[in-house]
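Report on one structure; see the data block that follows.
The values are calculated or read from the model by the stated rules, or taken from the named source; none is laboratory data. The model shown is predicted, which means the values in this text are computed figures rather than measured ones. Cβ placement follows ideal geometry from the backbone for every residue including glycine, while neighbour counts extend to all protein chains displayed.
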Amino acid sequence: MSGAAFTVDVDLGLSRYPITIGAGLIGDADVFRALVPGVDLLVVTNTTVGPLYLEPLRAALPGRRVAECVLPDGEEHKTQATLGAVFDVLVSQRFNRDAVLLALGGGVIGDIAGFAAACYQRGIGFVQVPTTLLAQVDSSVGGKTGVNHPGGKNLIGAFHQPLAVIADTATLSTLPDRELRAGLAEVIKYGFICDPVFLEWLDENLANLLARDPAALTHAIARSCEIKAGVVAGDERERGRRAILNFGHTFGHAIEAATGFTSYLHGEAVAIGMVVAADLSHRLGLIDASGAQRVKDMLARAQLPTAAPRIGAKRTAELMAMDKKVLGGSVRLVLLEGFGKAVVSGRYDARALEATLAEHFG
């Protein structure tokens, strides 16, 4: 195994899996021998990541039958049609229930490959090999899989936990700056909702993270995975506390859907959503004005967008009503009661929400 690699365990009670983090893992045959079972493997990747990492990944899988499915890159391709292309390869290769999918790429690839694994022959194994910061700290962990629908983000999907997550931090060297910043949005989220000590560390190390300091990035990834693993372990199916991980996401998903999943990266939309959620938390008297401003300022320092597109308050509300966190007709929102303390509530002053939507979305 590559030097300096270490593991965070996700323990779900009846099952568990490792998140292995380190540099140079994708080309390490020992890592894949230990963590990836089976002989028949399908690597699902995209046109951007494939040319960079398919060859070293194949070299780490000697003696296996490895097929490839290379999908177009971009959130706009996270659709049922693209999902069908994965099924087509599985069927054409005559793969059975002992086949394993490897998701090589960012969050879109992980979600599509994981959903395909959940559905094919009623469920086969898959391994996450995330190559973006956002995927390494968030989407590859926890078992959420799915595709988008024109009516909303991730409306069609399933919970299907991976067999393992192999996070090669060396892949971040090829990540565009915009993608790195989008991943930082999810990292900062963990500080806001769970860990004020981590938030202070992030405040002090933002410049190092933006400069891709290896030690800083590794610590940020490891702590983010530890936080998410702990939350998921207590609420695998998001029936309770796990929903705090969606801080900023209800507003962010509305932004993504309203702009056709092409104008904002997921992390960018979530950053804006966190600003909106912090403002609403202030309007509801949960945090003071300086707290809401700190959320905005920190995200701005991370070079993330903080101003919402003027898509209209009514359209935003309509899209929020299709969010998966809606129960009994009430949109449950993740709000801040302080730094490191988030709550999920469907009981709030509707007028405060209306005023917030009008202020930010027009």
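Close contacts from the range 298-310, counting a first residue that is free of Cβ contacts under 8 Å to residues at least 40 places away in the same chain and a second that is surrounded by 15 or more Cβ atoms within 10 Å (Cβ to Cβ), with Cβ to Cβ under 6 Å and a gap of 6+ residues or different chains, come to ALA300/THR306; THR306/VAL275; THR306/LYS296; THR306/LEU299. Looking across ALA271, ALA243, ALA233, ALA254, one residue alone is closer than 19 Å to LYS144 by Cα, within 14 Å of the chain's Cα centre (by Cα) and of a type in the set (Gly, Ala, Ser). It is ALA243. Only residues that are part of a loop (DSSP other than H, G, I, E, B), closer than 28 Å to ALA29 by Cβ and touching a helix residue (DSSP H, G or I) at 6+ places or on another chain (Cβ under 8 Å) were counted in the range 138-172, giving 7. Entry remark, the range 82-99: residues being over 23 Å from ASN154 (Cα atoms) and in contact with a Pro (Cβ under 9 Å, 6 or more places away or on another chain) number 1 in total.
When ARG332, ARG347, ARG283 are checked against the criterion of being among the charged types (D, E, K, R) and at pLDDT 95 or above, ARG283 stands alone in meeting it. Has the range 111-121 got any residue that is within 29 Å of LEU202 (Cα to Cα) and touching a residue at least 40 places away in the same chain (Cβ under 8 Å)? Yes, that holds for at least one residue. Filtered by the rule that a residue be of a type outside the set (Ser, Thr, Tyr) and surrounded by fewer than 21 Cβ atoms within 10 Å (Cβ to Cβ), the range 162-177 gives LEU163, ALA170, LEU175, PRO176, ASP177.
Does SER263 satisfy the criteria of being surrounded by fewer than 17 Cβ atoms within 10 Å (Cβ to Cβ), under 30 Å from THR79 (Cβ atoms) and of a type in the set (Ser, Thr, Tyr)? Against the criterion (surrounded by fewer than 17 Cβ atoms within 10 Å (Cβ to Cβ), under 30 Å from THR79 (Cβ atoms) and of a type in the set (Ser, Thr, Tyr)), SER263 qualifies.
In the range 279-311, the qualifying residues are those that are assigned to a helix (DSSP H, G or I) and among the charged types (D, E, K, R), and the one that is surrounded by the most Cβ atoms within 10 Å (Cβ to Cβ) is ASP279. Residue-level check: of (1) touching a Lys or Arg at 6+ places or on another chain (Cβ under 7 Å); (2) hydrophobic (A, V, I, L, M, F, W, C); (3) buried (at least 24 other Cβ atoms within 10 Å of the Cβ), VAL147 misses just (3). Just one residue in the set PRO72, PRO130 is under 27 Å from THR174 (Cα atoms) and out of contact with any helix residue (DSSP H, G or I) (no Cβ under 6 Å at 6 or more places or on another chain); that residue is PRO72. Of the helices (runs of 4 or more DSSP H) lying entirely inside the range 174-277, those containing at least 2 residues that are touching a strand residue (DSSP E or B) at 6+ places or on another chain (Cβ under 8 Å) are 177-193, 214-234, 249-258. Those strands (runs of 3 or more DSSP E) of the range 44-137 in which at least 3 residues are among the aliphatic types (A, V, I, L, M) and either on the phi > 0 side of the Ramachandran plot or buried (at least 23 other Cβ atoms within 10 Å of the Cβ) (or both), considering only elements entirely within it, cover 100-105. If the condition is being within 13 Å of ALA342 (Cβ to Cβ), of a type in the set (Val, Ile, Thr) and out of contact with any Phe, Trp or Tyr (no Cβ under 7 Å at 6 or more places or on another chain), then the range 225-246 contributes VAL231, ILE244.
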